[in-house]
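The values are calculated or read from the model by the stated rules, or taken from the named source; none is laboratory data. Small disclaimer: the values here were computed from a predicted structure and weren't measured. No Cβ is skipped: glycine too gets one built from the backbone with ideal geometry, and neighbour counts run over all protein chains shown. Areas reflect the complete protein model, heavy atoms only, side chains present, ligands, DNA and RNA absent. Shrake-Rupley method; radii C 1.70, N 1.55, O 1.52, S 1.80 Å.
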Amino acid sequence: MKATPLSNCERRFLLRAIQEKKVHPPFLAPFPKPFPIPFSAGCSRDPSRPRGPIACRAWRTNPLHMCVRVRVFPQRLDGRQCYDYRNIRVSFGADRGCCMVELGRTRVLAQVSCELVPPKPNRPTEGVLFFNLELSPMAAPGLEPGRQSELLVSLNRLLERCFRDSKCIDTESLCVVAGEKVWQIRLDMHLLNHDGNITDAASIAGIVALCHFHRPDVSVQGEEVTVYTPEERDPVPLSIHHMPISVSFAFFHQGTYLLVDPTEREERVMDGLLVIAMNKHHEICTIQSSGVVVLLQEQILRCTKITAVKVAEITELIHKALENDQKARKEGRKFGFAESISNQRITASKMESAAVDTNDVEEEAGEIIAKADPPSEVFATPVLHTPGTAQIGEGVESSWGDLEESEKEEAAEEEGESEAAAFECEKVETEDTSTLEETKTGEPIVLSDSEEEDVVILEPQELPRKTR
């Protein structure tokens, strides 16, 4: 990924925006000036109570160093607080297993497909899972097509640990005939727009697509395997044990400041990234730390508590979206990506239909025609001005055949130039004939293109006499 590097001015601005905080008046006495409180001093919000900010302890700047309680609201570029997630929007396609997740302005499209394949030799009774994430220049100019970058490799490995290693899907239920045929579930994810935190958006899109997907029903009679269409038998949903969801934390100034769900701008200036995948049962599926920051045990434990709260909220949102889509399909209502787009976005000037009274249209049209001016006369025959031109109807006489004065002068100049060129050609021809006559007399030939060049004289060579 070759992204445009940030300038020093932009980097300082982003870091200063992360450091600055607005300090509200304390409960006991106001501070003379707002001051920043670092992450390590306890400036945090209790994950168990996400609705309101919890006061944190800070030392007052007076001789007594009295401990008071203040309300601290960190400021981010998009107006969010430290632990706030961006808005999550889930929409489903017309087919089963197709969904699109929007995390702020980051969009990921996920599609699940299946086919019957032979199982792996070491696991004859388990299905096959395949996960793939693609990054294209359509999402961001810095992404290169058709190349396995370090970012893409790390994201694919993280998603495989999140889904496959956590055993969120019952692979034994995908077996049709042991040792011969099993279902291969393929999850393809495409990044449509990149605005930071691809990991969380891809994990949400992947688990939503897997929960929304239904595989065809099959029956086995002896050695014959029959796959039924959706019209013959209802498709069968996948057996999902739990829903692992990842939450990303960005650290700044060697772990002094912490942000949840970093944007693309914040990712450029962060020192380290911590990704924790967890389900609603508070079971950690995977954890990964990257960057140059060294985290303490207390910081990791605090991040796991925040992750538990965020995962519970996102899981509830996913269940509600799946229920709404299932209800719309059963009731026969319209569904799909086109129906999920609001009309105000693509038809902003659309107006409701209104009834039009056409009873008195003929009378009104007759009145309008009567009040209008009579039509002007039209020439029935064309008017010939000069040979090759004609005019039909009203208008000014055509002057195409007449030349303007400037054009006449240009034509005269061109004629004069042509006559001068012809005269020079005749003069050159006469000179050439004279030189040819002189050469016939046996005088040497002088070749000279200009005065600056050397003069070369060609003299006839005497042939040696033949002797017997």
Going through region 145-171 in order, the residues found to be of a type in the set (Asp, Glu) and surrounded by fewer than 13 Cβ atoms within 10 Å (Cβ to Cβ) are 150, 165
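Given 104, 142, which one is crowded, with 19+ Cβ neighbours inside 10 Å, out of contact with any helix residue (DSSP H, G or I) (no Cβ under 7 Å at 6 or more places or on another chain) and not hydrophobic (A, V, I, L, M, F, W, C)?
On the way: 142 fails: crowded, with 19+ Cβ neighbours inside 10 Å.
Being crowded, with 19+ Cβ neighbours inside 10 Å, out of contact with any helix residue (DSSP H, G or I) (no Cβ under 7 Å at 6 or more places or on another chain) and not hydrophobic (A, V, I, L, M, F, W, C) holds for just one of 104, 142, which is 104.
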Looking only at residues that are among the polar types (S, T, N, Q) and over 26 Å from residue 124 (Cα atoms) in region 179-206, which one is surrounded by the fewest Cβ atoms within 10 Å (Cβ to Cβ)? 193
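Residue-by-condition table, conditions (1) touching a helix residue (DSSP H, G or I) at 6+ places or on another chain (Cβ under 8 Å); (2) among the polar types (S, T, N, Q); (3) closer than 25 Å to residue 319 by Cα:
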| residue | (1), (2), (3) |
| --- | --- |
| 109 | yes, no, yes |
| 119 | no, no, no |
| 127 | yes, no, no |
| 136 | no, yes, no |
| 176 | no, no, no |
| 188 | no, no, yes |
| 204 | yes, no, yes |
For region 274-310, which residues satisfy the criterion of being aliphatic (A, V, I, L, M) and open to solvent by less than 50 Å² (accessible area, probe 1.4 Å)? 274, 275, 276, 277, 278, 293, 295, 306, 308, 309
Within region 207-222, work out how many residues are surrounded by fewer than 20 Cβ atoms within 10 Å (Cβ to Cβ), in a loop (DSSP other than H, G, I, E, B) and either in contact with a helix residue (DSSP H, G or I) (Cβ under 9 Å, 6 or more places away or on another chain) or of a type outside the set (Gly, Ala, Ser) (or both). 2
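Among the listed residues 177, 153, identify the single one that is farther than 22 Å from residue 265 by Cα, at pLDDT 90 or above and among the hydrophobic types (A, V, I, L, M, F, W, C). Give the derivation first.
Working: 153 fails: farther than 22 Å from residue 265 by Cα.
Within the list 177, 153, the selection yields 177.
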Do you know which of the residues in region 164-184 that are in contact with a Gly (Cβ under 8 Å, 6 or more places away or on another chain) and in a helix (DSSP H, G or I) is nearest to residue 118 (Cα to Cα)? 174
Top-ranked residue in region 300-330 [being in contact (Cβ under 8 Å) with a residue 60 or more places away in the chain and more than 30 Å from residue 94 (Cβ to Cβ); ranked as nearest to the chain's Cα centre (by Cα)]: 310
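So, residue 300, is that one β-branched (Val, Ile, Thr) and assigned to a helix (DSSP H, G or I) or not? If you could, list the steps in order and put the result at the bottom.
Working: β-branched (Val, Ile, Thr): yes; assigned to a helix (DSSP H, G or I): yes.
It is true that residue 300 is β-branched (Val, Ile, Thr) and assigned to a helix (DSSP H, G or I).
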Note down all Cβ pairs under 8 Å where the first residue falls in region 230-249 and is within 18 Å of residue 112 (Cα to Cα), the second is open to solvent by 50 Å² or more (accessible area, probe 1.4 Å) and part of a loop (DSSP other than H, G, I, E, B), and they're at least six residues apart or on different chains. 235/96; 241/167; 242/280; 242/281; 242/283; 243/280
When region 223-270 is examined, which residues are found to be surrounded by fewer than 16 Cβ atoms within 10 Å (Cβ to Cβ) and hydrophobic (A, V, I, L, M, F, W, C)? 225, 227, 236, 240
Considering every residue within region 134-145, establish whether at least one is closer than 14 Å to residue 187 by Cβ and outside any helix (DSSP H, G or I). yes
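Considering only region 271-280, I want to know if a residue exists there that is in contact with a Lys or Arg (Cβ under 6 Å, 6 or more places away or on another chain) and either over 16 Å from residue 201 (Cα atoms) or small (Gly, Ala, Ser) (or both).
no
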Test: residue 275 is touching a helix residue (DSSP H, G or I) at 6+ places or on another chain (Cβ under 6 Å), closer than 24 Å to residue 305 by Cα and assigned to a helix (DSSP H, G or I): no
Starting from region 250-274, take each residue that is farther than 17 Å from residue 83 by Cβ and list its partners that are open to solvent by less than 10 Å² (accessible area, probe 1.4 Å) and of a type in the set (Asp, Glu), counting only C-beta distances under 8 angstrom and pairs at least six apart or across chains. none
